[in-house]
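Student: Submitted below is the structure of interest, expressed as structure tokens.
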Amino acid sequence: ASKRLSDYQPYPFALETVRLDFRLDPQETEVRARLALSPRRAASALRLDGEELELLSLAIDGRSLTRDEYTVDKTGLTVHAAALPAQPFTLDTRVKIAPEANTALEGLYMSNGMYCTQCEAEGFRKITYFPDRPDVMAKFHVTIRGEAPVLLSNGDLVAQEDGFAEWVDPWPKPAYLFALVAGDLVAHSGSFTTKSGREVALNIWVRKGDEDRCAFALEALKRSMKWDEDVYGREYDLDIFNIVAVDDFNMGAMENKGLNIFNSKWVLASPETATDADYERIEGIIAHEYFHNWTGNRITCRDWFQLCLKEGLTVYRDRSFTADLRLGPVKRIEDVIALRARQFREDQGPLAHPPRPDHYREINNFYTATVYEKGAELVGMLHTLLGDAGYRAALDLYFDRHDGQACTIEDWLTVFEDASGRDLSQFKRWYTDAGTPVLRVREQFEDGTYRLDFEQDTKPTPGQPGKPPRHIPITVGLLGPNGQELVPSTVLEMTEARQSFTFEGLGARPVPSILRGFSAPVRLERDVSARELAFLLAHDTDPFNRWEAGRQLAQDALVALAQGEDADPAYIDALGALIADESADPAFRALCLRLPAEDEIAQSLHDRGVTPDPEAIHAAREALARDLAHTHEDALTALYEAMAVPGPYTPDPGPAGKRALRLAALGLLNRLDGGARATALFENATNMTESLAALGFLVQTGADEKALASFRSRWEGDRLVMDKWFIVQLAACPPERAAARAAALTEDPLFTWKTPNRFRALMAGLAGNHAGFHAKDGAAYRFYADWLLRLDPVNPQVAARMSTAFETWTRYDADRRAQMQAELERIARTEGLSRDLSEMATRLLG
Ligand code: ARG
Ligand code: ZN
């Protein structure tokens, strides 16, 4: 049974306040709830969501209901209309739940002896009977009784004694933002003074022993709070802000009001245990969850179809934050690499869906790259269309008009229309239509007039056969023969299926730089010579397009090699100049040296109508890397020496960029020296960035036994570092070993598969090894499907999420397709499958 956007009905009762009383116990926690409700229309029954609850008592205005006044079923409780007063009333329930038995990690559960909650999207119904939908917002008053020394919930702490705490949240919120944490925790604390002078106590709560890994997250939080004041004018609205790190968590982190809960992986950092990339992600996720306080919590979603309203906007905000604090163009390139790898991939397969879907069976399956990353691209396009001042005016209006409300994409777009006077009805298609538009462009030059002829086309996606043209902002600049800007960046607005734009008064044919900054999430197709791409790589004044030109050169070379053809030497030649270009930022050069992933090459081949052969792709990528290394051995060696960062480690963008370039050089040289440099680096590294990269290079060469053993014995007791140990040896190993190695690793006593991070490390490591996962004999497919089926009854959310490894199955040859299809069918017909995995299997099969 699907839920549909068109079925939306407001809740027939207003919920004013909620009182919750918890008596914590691992096996039998008792939850008392008192809801103050008032009917909005007469004679409506009262429906409350509730799952896996044992109902102990139920009363209205103090009177216990008789058995014929209500019914209880598997998904909730209905109080019949006849039993309800016509006036406002209070409803009291008492239920029993068992946190320790909760392995799905949704609702109230336990992680290493600590109680914690995850309620988004629909987990609150596993805690108590409640209208568990985001448009029902209420003020929560919570008391907690339990043995743990630290008892936390949302809002402000109003009373506390041994084994007791009372929390009041003055801001109305939907149930999905509720949180409770109880355990033997220690805080790393600080404070922040808001621009209007409110002093906010900040705490990062962790298990004992982890307190020395919190400093970076705390500083990142302060930077986020300041940035949101400076850039969006948004101030924090409580006297306390708590963050808790938990080891067992289904996703990255959660923005519960005043009490963010994080996967410990995205909080804890020290130079010895976290990489540069980890530091950057931690900063970004801390910001993301903090920014939700305004975009998500103060203004929330009317229903879960609107998820991208809060997620797309908040991702856009955290990206801008990182771009401001670090290197803007480098951040943009990283984001686009990720967008293509995850969202374009999703859009091209059976799971394609619009940023705002209109039906689903299980909402947890829609926390996707399309909702998050493409959702953020749509906000970015609105920003491009309105300009900085227009965007800021629209956001100010959004906060003014909708504070305290549960909103829709329509509300959001109306704000942009009202602030700008523009008609955005065509732009809305980006929200409602799935698929990545292909944008083709041809050029004409005559008598000083240069013309660009664009054509847009979006292929059908599941359930959406026809795709009308979209409103596409195309940022274009024109360059002269020496790389000077003839026409600076200009936004062309395409609204038709075919549309031309002209530039007059040009002395000679210019070189166009199209889709600067990746101004729209489309696939650009243009016949362009390798010479011109090399020119753009050397001269484009837009850093994104500069990188993009190099990317396309690499892609073209790889596509040729993977089909047994010769590669144009342009890429290898052009990189020579770039390696030596000291005016270009090291982080930028590192990105240019990074070859596209094998999965991306497979997609490129598929886009060109060629069936990808995973072995050939792997061989092509190896060959190109080797060729690059050979040709530029001296320059790369010099770079490897020059980019060494002396002195103590800091995760700042400057040194991190140098390390990235140094390691990119080493990755290539590693193909020539049989792992000699990597071994030396592995033995001497004093930070995780270099240690892990070196280990990965050794895994690549196959000479990894000693290094893996020594890494393991050093880090055995560290769960976050051991996740890296699992992932690296699968993701980087020669493909023919991947499946067997994965199987062997499942026998390792450290493979605690019920811990999501560990399960993901192993499975994502394997799935990330493109040629290994797609090995001809199908061993990896079978292994992977076996484990999804094993995890499903324990943790359906994670099992369903991991099933996306199969989302590209229709790309490949008949043999592989048949094997993957067989695995998906085996999953689909398994009895007792969760709704999560069953929906995924059905959609994947198409
Ligand atoms: N709102 C959280 C975030 O974006 C993610 C929650 C995901 N929940 C889920 N059930 N998948 O930061
Ligand atoms: Zn979010």
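The values are calculated or read from the model by the stated rules, or taken from the named source; none is laboratory data. The structure presented is a predicted model; accordingly, all values stated were derived computationally and were not measured. Virtual Cβ from ideal backbone geometry, glycine too; neighbours counted across all protein chains shown.
Student: Of LEU672, LEU636, which residue is in a helix (DSSP H, G or I) and in contact with an Asp or Glu (Cβ under 8 Å, 6 or more places away or on another chain)?
Tutor: Working: LEU636 fails: in contact with an Asp or Glu (Cβ under 8 Å, 6 or more places away or on another chain).
Selected residue: LEU672, the only one of LEU672, LEU636 that is in a helix (DSSP H, G or I) and in contact with an Asp or Glu (Cβ under 8 Å, 6 or more places away or on another chain).
Student: Of all residues in segment 517-557 being of a type in the set (S, T, N, Q) and part of a loop (DSSP other than H, G, I, E, B), which is surrounded by the fewest Cβ atoms within 10 Å (Cβ to Cβ)?
Tutor: So in segment 517-557, the residues of a type in the set (S, T, N, Q) come out as 519, 529, 541, 545, 552, 555.
Keeping just the survivors that are part of a loop (DSSP other than H, G, I, E, B) gives 519, 529, 541.
On the way: SER519: 22, SER529: 10, THR541: 16.
So the residue we want is SER529.
Each row is one residue, and each column tells you yes or no for (1) charged (D, E, K, R); (2) part of a strand (DSSP E or B); (3) more than 16 Å from ligand 2 (Cβ to nearest atom).
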| position | (1), (2), (3) |
| --- | --- |
| VAL186 | no, yes, yes |
| SER191 | no, yes, yes |
| ASP228 | yes, no, no |
| ASP237 | yes, no, yes |
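Student: May I ask you to list pairs of residues, at least six apart or on different chains, whose Cβ atoms are under 7 Å apart, with the first in segment 387-403 being within 18 Å of LEU424 (Cα to Cα) and the second being among the hydroxyl-bearing types (Ser, Thr, Tyr)?
Tutor: Sorted first by the residue in segment 387-403, then by its partner, the pairs are GLY390/SER420; ALA394/SER420; LEU395/TYR232.
Student: Select from segment 252-261 the residues that are more than 9 Å from ligand 2 (Cβ to nearest atom) and in contact with a helix residue (DSSP H, G or I) (Cβ under 8 Å, 6 or more places away or on another chain) and list them in ascending order.
Tutor: Residues of segment 252-261 more than 9 Å from ligand 2 (Cβ to nearest atom): 256-261.
Result: ASN256, LYS257, ASN260.
Student: Examine segment 135-144 for a residue that is within 29 Å of GLU362 (Cα to Cα), at pLDDT 95 or above, within 16 Å of ligand 2 (Cβ to nearest atom) and not in a strand (DSSP E or B), and state whether such a residue exists.
Tutor: no
Table: residues versus (1) small (Gly, Ala, Ser); (2) free of Cβ contacts under 8 Å to residues at least 40 places away in the same chain; (3) surrounded by 14 or more Cβ atoms within 10 Å (Cβ to Cβ).
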position: VAL441; (1), (2), (3): no, no, yes
position: GLY448; (1), (2), (3): yes, no, no
position: LEU452; (1), (2), (3): no, no, yes
position: GLN456; (1), (2), (3): no, no, yes
position: GLY463; (1), (2), (3): yes, yes, no
position: PRO473; (1), (2), (3): no, no, yes
position: GLN484; (1), (2), (3): no, yes, no
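Student: Further question on the same structure: Out of curiosity, is PRO651 assigned to a loop (DSSP other than H, G, I, E, B), over 33 Å from the mean Cα position of the chain (by Cα) and closer than 23 Å to GLU280 by Cα? Don't jump to the end; show me each part of the working.
Tutor: On the way: assigned to a loop (DSSP other than H, G, I, E, B): yes; over 33 Å from the mean Cα position of the chain (by Cα): no; closer than 23 Å to GLU280 by Cα: yes.
So PRO651 fails the test.
Student: Moving on to the next point. Could you go through segment 104-123 and let me know if any residue there is more than 24 Å from ASP248 (Cα to Cα) and among the hydrophobic types (A, V, I, L, M, F, W, C). Full working, then the answer.
Tutor: Kept after step one, since they are more than 24 Å from ASP248 (Cα to Cα), are these residues of segment 104-123: none.
No, every residue in segment 104-123 fails to be more than 24 Å from ASP248 (Cα to Cα) and among the hydrophobic types (A, V, I, L, M, F, W, C).
Student: Next question, about the same structure. Of the residues that sit in segment 243-291 and are more than 11 Å from ligand 1 (Cβ to nearest atom) and of a type in the set (Ser, Thr, Tyr), which one is surrounded by the fewest Cβ atoms within 10 Å (Cβ to Cβ)?
Tutor: SER270
Student: Moving to a separate point now. Are any residues in segment 266-293 more than 12 Å from ligand 2 (Cβ to nearest atom) and outside any helix (DSSP H, G or I), and if so, which ones?
Tutor: The answer is VAL267, LEU268, ALA269, SER270, PRO271, GLU272, THR273, ALA274, THR275.
Student: Test PRO586 against the stated conditions and say whether it is crowded, with 17+ Cβ neighbours inside 10 Å, within 19 Å of ASP347 (Cα to Cα) and not acidic (Asp, Glu). Steps first, answer last, please.
Tutor: Values: crowded, with 17+ Cβ neighbours inside 10 Å: yes; within 19 Å of ASP347 (Cα to Cα): no; not acidic (Asp, Glu): yes.
Criteria not met by PRO586.
Student: So, one more: Just one of ALA799, ALA805, ALA818 is aliphatic (A, V, I, L, M) and without any contact (Cβ under 8 Å) to a residue 12 or more places away in the chain; which is it?
Tutor: Numbers: ALA799 fails: without any contact (Cβ under 8 Å) to a residue 12 or more places away in the chain; ALA805 fails: without any contact (Cβ under 8 Å) to a residue 12 or more places away in the chain.
Just one listed residue meets the conditions, ALA818.
Student: Identify, by number, the condition in (1) surrounded by fewer than 21 Cβ atoms within 10 Å (Cβ to Cβ); (2) over 20 Å from the mean Cα position of the chain (by Cα) that VAL206 doesn't meet.
Tutor: (1)
Student: Right, next: Can you name every residue in segment 146-184 that is among the small types (Gly, Ala, Ser), buried (at least 18 other Cβ atoms within 10 Å of the Cβ) and part of a strand (DSSP E or B)? Break it down stepwise before answering.
Tutor: First pass over segment 146-184, keeping only residues among the small types (Gly, Ala, Ser): 146, 148, 153, 155, 159, 163, 165, 175, 179, 182-183.
Then drop every residue that is not buried (at least 18 other Cβ atoms within 10 Å of the Cβ), which leaves 146, 148, 153, 155, 165, 175, 179, 182-183.
Across segment 146-184, the qualifying residues are SER153, ALA165, ALA182, GLY183.
Student: Something else now. So THR128 fits all but one of (1) within 16 Å of ligand 1 (Cβ to nearest atom); (2) surrounded by 22 or more Cβ atoms within 10 Å (Cβ to Cβ); (3) outside any strand (DSSP E or B); what number is the exception?
Tutor: The one condition THR128 does not meet is (1).
Student: Select from segment 419-435 the residues that are touching a residue at least 24 places away in the same chain (Cβ under 8 Å) and within 30 Å of TRP294 (Cβ to Cβ) and list them in ascending order. Quick ask: steps written out before the conclusion?
Tutor: Taking segment 419-435 as the starting set, the residues that turn out to be touching a residue at least 24 places away in the same chain (Cβ under 8 Å) are 419-420, 422, 424, 426-427, 429-435.
Hits for segment 419-435 are ALA419, SER420, ARG422, LEU424, GLN426, PHE427, ARG429, TRP430, TYR431, THR432, ASP433, ALA434.
Student: Please verify whether segment 340-354 includes one or more residues that are at pLDDT 95 or above, within 16 Å of ligand 2 (Cβ to nearest atom) and within 30 Å of TRP205 (Cα to Cα).
Tutor: Applying the first criterion (at pLDDT 95 or above) to segment 340-354 yields 340-354.
With the extra rule that they be within 16 Å of ligand 2 (Cβ to nearest atom), the set shrinks to 342-343.
Going one step further and asking which of them are within 30 Å of TRP205 (Cα to Cα), we end up with none.
The answer is no; no qualifying residue exists.
Student: Within segment 370-427, which residues are away from ligand 1 (no atom under 16 Å from the Cβ) and hydroxyl-bearing (Ser, Thr, Tyr)?
Tutor: THR384, TYR391, TYR398, THR408, THR414, SER420, SER425
Student: Taking segment 310-331 as the region of interest, how many residues are assigned to a helix (DSSP H, G or I), in contact (Cβ under 8 Å) with a residue 40 or more places away in the chain and more than 16 Å from ligand 2 (Cβ to nearest atom)?
Tutor: Residues meeting the conditions: 4.
Student: Restricting the search to segment 112-127, which residues are closer than 13 Å to LEU180 by Cα and away from ligand 2 (no atom under 16 Å from the Cβ)?
Tutor: The answer is MET114, TYR115, CYS116, THR117, PHE124, ILE127.
Student: Considering each of GLU362, GLU373, GLU334, GLU346 in turn, give the residue that is within 28 Å of LYS257 (Cβ to Cβ), surrounded by fewer than 24 Cβ atoms within 10 Å (Cβ to Cβ) and in contact (Cβ under 8 Å) with a residue 40 or more places away in the chain. Reasoning before the result, please.
Tutor: On the way: GLU373 fails: surrounded by fewer than 24 Cβ atoms within 10 Å (Cβ to Cβ); GLU334 fails: within 28 Å of LYS257 (Cβ to Cβ); GLU346 fails: within 28 Å of LYS257 (Cβ to Cβ).
Selected residue: GLU362, the only one of GLU362, GLU373, GLU334, GLU346 that is within 28 Å of LYS257 (Cβ to Cβ), surrounded by fewer than 24 Cβ atoms within 10 Å (Cβ to Cβ) and in contact (Cβ under 8 Å) with a residue 40 or more places away in the chain.
Student: Across segment 111-125, which residue is farthest from the chain's Cα centre (by Cα) among those that are assigned to a loop (DSSP other than H, G, I, E, B) and within 27 Å of VAL186 (Cβ to Cβ)? Don't jump to the end; show me each part of the working.
Tutor: We begin by selecting, within segment 111-125, every residue assigned to a loop (DSSP other than H, G, I, E, B); these are 112-113, 119-123.
Still in the list and also within 27 Å of VAL186 (Cβ to Cβ): 112-113, 119-120, 123.
On the way: ASN112: 26, GLY113: 28, CYS119: 18, GLU120: 15, GLY123: 20 Å.
Ranking the qualifying residues of segment 111-125, first place goes to GLY113.
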